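Enquirer: Pasting in a structure now, in structure tokens, and then I'll have a few things to ask.
Where a number appears in this text, it was derived from the coordinates with a stated rule and is not lab data. Just so we're clear, the structure is a prediction, and the values are computed from it rather than from any experiment. Counting neighbours? That spans all protein chains shown, and the Cβs are built from the backbone with ideal geometry, glycine included.
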Amino acid sequence: MIEAVGLRKHYGRTKAVDDLSFTVRPGRVTGFLGPNGAGKSTTMRMILGLDTPTGGDVKIDGRHYADFKEPLRKVGALLDAKWVHPNRSARAHLKWLAVSNRIPVSRVDEVLEVVGLSEVAGKNAGGFSLGMAQRLGIAGALLGDPEVLLFDEPVNGLDPEGILWIRQFLHRLADEGRTVFVSSHLLSEMAQTAQELVVIGKGQLIAQTSTEQFIADATQDHVRVRSPQAVRLRELLAASATVTEDPAGNALVVQGLPADRIGELAAEHGIVLHELSPQRGSLEEAFMQLTRESVEYQAH
């Protein structure tokens with residue numbers, strides 16, 4: 001478990017993290033979301049003892065990261081995929097990590113197999129693509145078979161097969177009872193990967209809840225309807241629902257009535273329907289709605 005209490009990090013007058021408290025529990029994949037400049041990377045660095053908090057505290061299973069004598073056995077992390085000596089082979093890079101934490105060297109080939117790098121284990125990491133470097137970083141995080149795992153943008157550079165693999169792999173790690181904390185800007189991927197969310201903006205907590213609840217709280221379900229008698233249908237539905245036109249196509253967007261009731265009303269009045277599609281709010285919509293006041297860099 002990761003627990004942050006009143007965590008703060010200031011750089012001069014800049015508040016990168018401001019009184020941030022949250023808990024990441026084992027057994028579920030927890031997504032860490034926020035706009036650029038929200039303080040996500042700084043928070044992860046403080047969890048791992050790479051940055052010293054200005055105030056507050058953050059612990060892993062009740063202890064600071066620096067207190068673990070062999071930290072890779074407890075915590076695995078990938079913050080920067082390119083953090084590797086370019087002239088070291090993948091196997092050599094993992095071997096020195098293993099030796100430094102008294103991890104059996106045999107574990108190196110095991111994790112290389114897990115991430116699919118066995119065939120290039122002897123090649124210098126400096127020649128790796130970003131996707132291969134990500135896989136090597138994930139191998140390093142897994143090396144000590146840790147209970148707690150932190151990943152910052154783990155799918156960057158991965159092809160579709162690699163993205164599917166990491167999604168399923170993170171779920172499997174969580175199902176084993178591990179604590180899995182993942183930061184990403186790819187909201188469509190987080191919607192399929194994260195079961196819990198910690199959302200921050202300008203260094204402060206916006207929400208900590210389940211992914212499903214986060215979407216439900218910030219968006220509204222609706223029904224997309226297409227009909228050759230759209231004008232008549234709109235007049236009929238407007239009495240008991242909010243009806244607008246879908247800017248993306250020749251359709252109506254109905255809020256306040258379920259799809260089955262819309263279908264029944266259309267049938268009762270002899271209105272032909274070409275489409276009747278319930279639509280759920282997305283994580284992207286919810287994120288944009290709840291973080292719009294926390295965006296530091298906006299394009300115009």
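Enquirer: With 10 angstrom as the radius, rank LEU117, LEU236 by how many other C-beta atoms surround their C-beta, starting from the fewest.
Expert: With the sparsest Cβ surroundings first, the list reads LEU236, LEU117.
Enquirer: In a shell of Cβ-Cβ distance under 15 Å around MET190, excluding MET190 itself, what net charge do Lys and Arg (+1) and Asp and Glu (-1) give?
Expert: On the way: positive: ARG28, LYS40, ARG167; negative: ASP152, GLU153, GLU189, GLU196, GLU212, GLU284, GLU285.
Value of the local net charge: -4.
Enquirer: Determine the principal axes of the Cα atoms in the chain, then give the extent along each, sorted from largest to smallest and rounded to whole angstroms.
Expert: Over the chain, Cα extents along the principal axes are 76, 47, 39 Å.
Enquirer: How far, in nm, would the chain grow between ALA66 and ASN101 when pulled straight, counting 0.36 nm per residue and subtracting the alpha carbon separation?
Expert: Computed gain between ALA66 and ASN101 is 11.3 nm.
Enquirer: While we're on this one: Local charge sum around LEU79 (other residues, Cβ-Cβ under 10 Å, Lys/Arg +1, Asp/Glu -1)?
Expert: -2
Enquirer: Using the Cα atoms of region 158-297 to build a convex hull, what is its mean projected area in square nanometres? All intermediate terms of the calculation are to be shown ahead of the outcome.
Expert: Numbers: hull surface 46.3 nm².
Mean orientational projected area (region 158-297, Cα hull): 11.6 nm².
Enquirer: Follow-up. Give me the net charge for the shell around GLU245: Cβ to Cβ below 15 angstrom, other residues only, Lys and Arg +1, Asp and Glu -1.
Expert: Working: positive: ARG224, ARG226, ARG232, ARG234; negative: GLU235, ASP246, GLU275.
Once all neighbours under 15 Å are counted, the net charge is +1.
Enquirer: Could you list VAL108, VAL114 so that the one with the fewest beta carbons within 10 Å of its beta carbon is first and the one with the most is last? All intermediate terms of the calculation are to be shown ahead of the outcome.
Expert: Numbers: VAL108 24, VAL114 15.
Sorted ascending by nearby Cβ count, the order is VAL114, VAL108.
Enquirer: Explain nothing, just compute: Karplus ³J(HN,Hα) = 6.51 cos²θ - 1.76 cosθ + 1.60, θ = phi - 60°, for every residue of region 274-291 in order, whole Hz, x for Gly and Pro.
Expert: Using θ = phi - 60°, the values come out as 9, 8, 9, 10, x, 10, 9, x, 9, 4, 4, 4, 5, 4, 4, 5, 8, 10 Hz.
Enquirer: Would you mind checking the pairs LYS95/LYS202; LYS9/LYS69; LYS74/LYS123; LYS9/LYS123; LYS40/LYS69; LYS123/LYS202 and listing those with alpha carbons more than 30 angstrom apart?
Expert: LYS95/LYS202; LYS9/LYS123; LYS123/LYS202
Enquirer: Oh, and also: Roughly how many nanometres apart are two label points built 7 Å out from the Cα toward the Cβ at GLN229 and SER210?
Expert: About 4.1 nm separates the two model spin labels.
Enquirer: Exposure proxy check: LEU173, LEU78, LEU273 ranked by fewest other beta carbons within 10 Å?
Expert: The fewest-first ordering by Cβ neighbours comes to LEU273, LEU173, LEU78.
Enquirer: Note the full-extension length gain between ASP246 and GLN220 as 0.36 nm times their separation in residues minus their Cα-Cα distance, in nm to one decimal.
Expert: In short, 7.9 nm is gained.
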